[in-house]
1. Got the relative contact order for region 92-192 handy, in percent, Cα pairs under 8 Å and 6 or more residues apart?
2. Quick one: of the DSSP bridges fully inside the chain, what percent are antiparallel, nearest 5?
3. Any idea what the dipole of region 86-150 comes to, in debye rounded to 20, about its Cα centre with Lys/Arg Cβ at +1 and Asp/Glu Cβ at -1?
4. For region 48-103, what does the relative contact order come out to in percent, with C-alpha contacts under 8 Å and a separation of six or more?
5. Under 8 Å for C-alpha pairs, at least 6 residues apart: give me the relative contact order for the chain, rounded to a whole percent.
6. Can you count the Lys pairs in region 92-192 whose Cα atoms are under 21 Å apart, with each pair 8 or more apart or on different chains?
7. Would you compute, from DSSP H runs of 4+ residues alone, the mean residue ellipticity of the chain at 222 nm, taking -39500 (n - 2.57) per run and dividing by the full residue count, rounded to the nearest 500?
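Read-outs: derived from the displayed coordinates by stated rules, not from any lab. In this text, all values refer to a predicted model and were calculated from it rather than measured experimentally. Cβ coordinates were reconstructed from backbone atoms using ideal geometry, including for glycine residues, and neighbour counts include every protein chain displayed.
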Amino acid sequence: MPSTLAYWPARGISNQISLLLHYVGEDFENKVYMINDEDPSKIRENFMKVKYTLGLPLPNLPYYIDGDIKITQSVAIERYVARKYSLVASTEKDRILQDNLLYVAVDLQTRCTQLCYRADFDTAKVDHLKWVKETLQQLSHLLGKENFFLGDKINFVDFHLYEGISMNTVVYPSCLDDFHNLQSFLSRIENLPGVKEYLASPRFVKEALVGPGASFGYVPYKQ
Ligand SMILES: N[C@@H](CCC(=O)N[C@@H](CS)C(=O)NCC(=O)O)C(=O)O
C-alpha cells in the first residue's frame with residue numbers, strides 16, 4: 001500500500017520530504033489539503049475536519065503514514081525516510097556534520113518562510129539577505145569541489161539544503177551569483193532521477209513558498 005505525505009499546497013516545511021521520496025522512488029501519495037483562501041475563517045478547515053481522526057500521535061502537518069507508522073514533525077519524517085533508504089551518515093564524524101548541516105538547512109527554510117509572512121517584508125528582507133549571503137558563503141566554502149555536502153555519497157541533508165537554498169533564490173534570485181559551486185549543487189539535485197520528473201510536474205510550483213496571508217510567496221494552487 002502506498003505511503004502518504006500530507007501538507008498544504010506550498011513548499012513550506014515539507015518539500016524536502018517530497019524530494020527525498022521522489023528520489024528513492026517510494027510509491028506514495030502526495031496529499032494536499034486545499035486551502036479555502038476565499039474565506040479566511042475557513043483556511044484550515046479541510047485539515048481541521050480530519051486532524052484528530054487519522055490516528056496521528058501528535059497531529060500536525062506535514063504528516064507521513066506508512067502502514068502502522070504515523071509521524072509528524074518534518075524533521076522526524078525526513079529522518080525516518082532517510083534511515084529507511086540508508087541515506088544517513090555512517091560514521092560519528094559524518095553524523096555530527098550531517099546534523100549540523102540539517103539545522104542550517106532548517107534555518108534557511110524557516111527563516112525564509114517567516115520572512116514571507118512579515119508585514120514589513122521589504123524592510124525585513126534587507127537583514128534576511130545579509131544573513132542568507134553569510135550562510136551561503138559558509139556552505140560554499142564547506143562544499144568546495146565535492147558533489148554533495150558529505151562527499152560523493154548523497155545524504156538526506158542534501159535535499160533539505162537544496163530546499164533551503166532554492167527557496168531563498170525565489171526571494172532573492174541573484175543570491176547565488178557569487179557561489180558557482182552552490183549553483184552546480186542545485187542543478188545536480190534537480191537532475192537526479194525522480195527529482196527531475198517531480199520538479200517538472202504541475203505538482204511542484206517553485207514560487208509557492210507559503211500559504212495565504214503572506215506578504216510574499218503565496219501562489220494559489222490548482223488541483
Ligand atoms: N515543527 C513542526 C511545525 C509544524 C507546523 O507548524 N505545521 C503548520 C504548517 S507549516 C500547520 O499548519 N500545522 C497544522 C496544524 O497546526 O493543525 C514541523 O517541522 O513539522
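1. Working: 77 pairs, mean separation 36.8, N = 101.
Relative contact order comes out at 36 percent.
2. DSSP beta bridges in the chain are roughly 55 percent antiparallel.
3. Values: 8 positive and 9 negative charges, 22 e Å.
Magnitude of the dipole: close to 100 debye.
4. On the way: 36 pairs, mean separation 10.4, N = 56.
Across region 48-103, relative contact order equals 19 percent.
5. Reported as a whole number, the value is 25 percent.
6. Working: Lys93/Lys145; Lys93/Lys153; Lys125/Lys133; Lys133/Lys145; Lys145/Lys153.
Close lysine pairs found across region 92-192: 5.
7. Details: 8 runs with 107 residues, N = 223.
It comes out at -15500 deg cm²/dmol, rounded to the nearest 500.
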